[in-house]
1. Cross-link candidates for residue 261: which lysines have Cα within less than 21 Å, leaving aside residues fewer than 8 places away along the same chain?
2. Determine the gain in length on full extension of the stretch residue 229-residue 10; use 0.36 nm per residue of separation and subtract their C-alpha separation, reporting nm with one decimal.
3. Using +1 on the beta carbon of Lys and Arg, -1 on that of Asp and Glu, and nothing else charged, what's the dipole of the chain about the Cα centre, debye to 20?
4. Give me the percent relative contact order of the range 215-332, please, defined on Cα pairs under 8 angstrom at least 6 residues apart.
5. Run through all the Cα pairs of the range 108-254 and give the fraction in each 5 Å bin from 0, expressed as whole percent.
6. What net charge is computed for the residues neighbouring residue 54, neighbours being all others with C-beta under 12 Å from the C-beta of residue 54, Lys and Arg scored +1, Asp and Glu -1?
7. Count the net charge of all other residues whose Cβ sits under 15 Å from the Cβ of residue 121, scoring Lys and Arg as +1 and Asp and Glu as -1.
8. Straight distance only, please: which lysines reach the Cα of residue 329 with their own Cα at less than 22 Å, same-chain residues fewer than 8 apart left out?
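No value in this document is a laboratory result; all are computed from the given coordinates. Computed from a predicted model, the values in this text were never measured in an experiment. Don't worry about glycine lacking a Cβ; one is built from the backbone with ideal geometry, like all the others, and counts go over all protein chains shown.
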Amino acid sequence: MTNRTVDPRTEAAMLGSITAERWLGLAEELIQAGQPAAENPLDPDLPPGSEEGIAIVVAAKLKAMGFEVHLDAKRPGRPNVVGILAGETSPSLILNDHLDTYPAGDHSLWTETGGQPFTPTQKGDFLFARGTSDTRGNLACTLLAVQAILESGLRPIGTLKCVYTVDEEKNGPDGSIYLLDERGLTADYEITCEPTGWTRPDGSWGMSLALANSGHYLVELELVGMQSHLWRPDLAVNPVEDMTRLLSRIDSLKLSHTPPKMYGGTPPRATVLRIQGGAPREMQFTPGWCRAVVGLVGLVPGMTEESVLADVRAWIAECAKDDARLAAKVRGFPGALFVSGTMEQDPEAQPAKAIRNAYRTLLGEEPIRYRKNAFNDTIRFAERGIPAVTFGPGEDGWPPINEYIRIEKSVAGTKVLALAILDILGVRPA
Ligand SMILES: [Zn+2]
């Protein structure tokens with residue numbers, strides 16, 4: 001059990017040292033570090049990123065704070081950073097974030113940062129750049145929270161492991177999965193600092209506490225047709241035209257499941273991500289094939305790769321009843337991992353309890369509890385039996401272009417983390 005016997009003056013000084021200025025300095029440095037090499041798309045058919053540049057920066061910061069630091073890579077150029085601050089006794093806590101970011105896309109669309117997605121740009125309480133909300137703004141919170149604790153002379157009694165993973169955007173094979181399954185990483189509790197923040201239309205804001213995550217899967221539909229000269233479409237079986245008819249019925253695709261305690265932001269559903277058909281240099285002819293990638297999102301516990309593929313096949317069969325040319329073949333997209341939804345963590349137990357206590361102390365109310373509708377490494381820890389939650393000031397549902405994070409919220413999130421770490425691990429007074 002924890003023994004939070006921090007002198008109130010020491011605690012107040014520790015919290016007071018967590019300022020917007022310090023958070024901004026750290027966030028701005030991290031956002032630019034090792035980019036754009038750390039861009040890592042979910043697309044299984046595209047090459048992954050290299051997180052080495054930011055890994056070196058983060059490792060140096062942990063070393064400077066007195067952590068024992070290991071760079072642990074499954075593949076060259078992709079080191080995970082594992083920092084350990086050994087305690088005297090149990091429990092142990094993993095504080096986690098990831099080093100990769102989502103690709104920035106078309107730079108010219110980043111109007112808030114002058115066409116430079118990796119140049120952090122402050123406008124009032126907003127900081128714009130790729131990686132602000134997801135997730136280097138949150139990463140800055142984890143480092144600053146630990147720094148504030150140690151600078152104030154407080155020493156956690158339990159062991160703190162700061163774990164910064166690669167490959168999170170591709171669901172973790174070279175990152176969290178590697179560390180947990182091949183490198184023996186474990187702990188009693190885990191907190192992933194990833195976007196659970198929200199802003200209401202009236203400007204009020206807060207951070208929710210994710211007790212579970214939804215799963216997802218990528219499937220590929222394929223139709224093969226019969227080519228003709230473009231002048232004789234009457235002779236063709238055009239699979240692009242057939243695919244558009246099939247996809248226009250995507251909303252009738254029902255994914256069977258048992259209702260969970262909590263749904264994510266959207267219940268289980270399908271959404272079209274990519275459509276390809278018609279080969280370059282063949283405009284003389286109608287296309288011979290068409291493929292579509294469909295994302296299955298909002299998956300809840302109990303849904304499996306087999307169950308969702310069966311649901312997609314049943315939907316196609318139903319569509320093909322009155323339109324035989326819609327009988328598409330379906331398979332998991334090559335290289336895609338099936339990600340299961342996780343079970344809800346107990347809000348009365350650690351680590352959820354510590355976040356709730358700290359949030360109430362600092363913000364005067366309970367954080368909203370929910371199931372987060374996205375992948376986080378939290379899923380990988382929870383799957384292996386470690387009580388794991390997600391909490392962070394990044395905006396859940398951050399915009400793909402002109403991504404931002406709120407500065408005041410980030411400072412508050414850092415303070416919540418600092419108090420939660422002390423609550424979970426216990427503390428030796430200064
Ligand atoms: Zn993330």
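1. Correct list for residue 261: 353, 372.
2. 70.9 nm
3. On the way: 42 positive and 55 negative charges, 65 e Å.
So the dipole magnitude of the chain works out to roughly 320 debye.
4. The value is 40 percent.
5. Percent of pairs per bin, in order: 2, 6, 9, 12, 13, 12, 12, 10, 8, 6, 5, 4, 2, 1, 1, 0, 0.
6. Values: positive: 61, 78, 136; negative: 29, 39, 51, 52, 97, 100.
Net charge in that neighbourhood comes out at -3.
7. Taking every Cβ under 15 Å from that of residue 121, the sum is -1.
8. The reachable lysines, counting only those whose Cα sits under 22 Å from residue 329, are 254, 321.
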